[in-house]
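The values are calculated or read from the model by the stated rules, or taken from the named source; none is laboratory data. Owing to the predicted nature of the structure, the values given are computational and were not obtained by experimental measurement. In this analysis, Cβ positions are derived from the backbone assuming ideal geometry, glycine residues included, and neighbour counts consider all displayed protein chains.
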Amino acid sequence: MTSPLYPYINSRVLFPGVVDVVNVNGRFEEIIADNFLVKAWLKRVEYSGVSSGSKRVPLESQLDGQMMPGASGDQFYYRGYSLEYAVVPVEYDLRHPAEGGLVFNPVHFQHPWMKTGQEITLVHGEGPVLIAKVQRSDGVYGGVGIDEVLYKEIGGVQLQLTASELQN
C-alpha cells in the first residue's frame, strides 16, 4: 500500500547506521555501518517557548544562507510520517543528494536505527541541512473513531524531531 502522503514528501532525514562490534583475531573492532536516508512528510511547528514566535519569520531570500542550526536557540518541532527509506553509504551528503540507483522501501515499523534521542541530519523543503534530535519514532499514531481509520490509510511511522534555526 502506498501512502496518500507520498506525493507530498517534503523532507529527507539521514539516520546513522547501527555500528556493529565484531571480534577479528581476538580483537574487537567496530564495523562502520551504512546510513539510512528516510523520505518523510513533516510539518514544522513552533516549539513551546520559542523566543522568535512573535517575530516575523524572514523569507529565505532575506537570510543570505544564514539559516544555521543552533545559532539562536529557537527550536522547532518537525512532526509527521517516515514514509520510505534507502540504505546509503556513510559518505552520503544531504547537501548534494544523489538518489539515482537507490532502492527505497516503505517504512512500516520502527527500525533499530530509528532510535529516540539520537542526533540526525535533516533537510526540510528547500531549506539548509539542519542537525536535529529524534524525539519520537516509535510506531504508528494512535487514535479512535475516524482517526483510527485515517492513520491506518496514511501508513508510515510517526516521526518527531527538534531542530534549531537562526531567525534574524
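Here are some notes:
- Residues in segment 52-60 include none that are among the small types (Gly, Ala, Ser) and modelled with pLDDT of 80 or more.
- Some residue of segment 110-126 being out of contact with any Leu (no Cβ under 8 Å at 6 or more places or on another chain), over 18 Å from Gln160 (Cα atoms) and at pLDDT below 90: yes
- Residues that are at pLDDT below 90, assigned to a strand (DSSP E or B) and within 18 Å of Ser164 (Cα to Cα), drawn from segment 4-51: Arg44, Val45, Glu46
- Scan of segment 1-50 for residues that are surrounded by 13 or more Cβ atoms within 10 Å (Cβ to Cβ) and farther than 23 Å from Arg136 by Cβ, ordered by number: Asp34
- The set of residues from segment 75-121 being among the hydrophobic types (A, V, I, L, M, F, W, C), farther than 13 Å from Asn35 by Cα and within 11 Å of the chain's Cα centre (by Cα) comprises just one member, Leu83.
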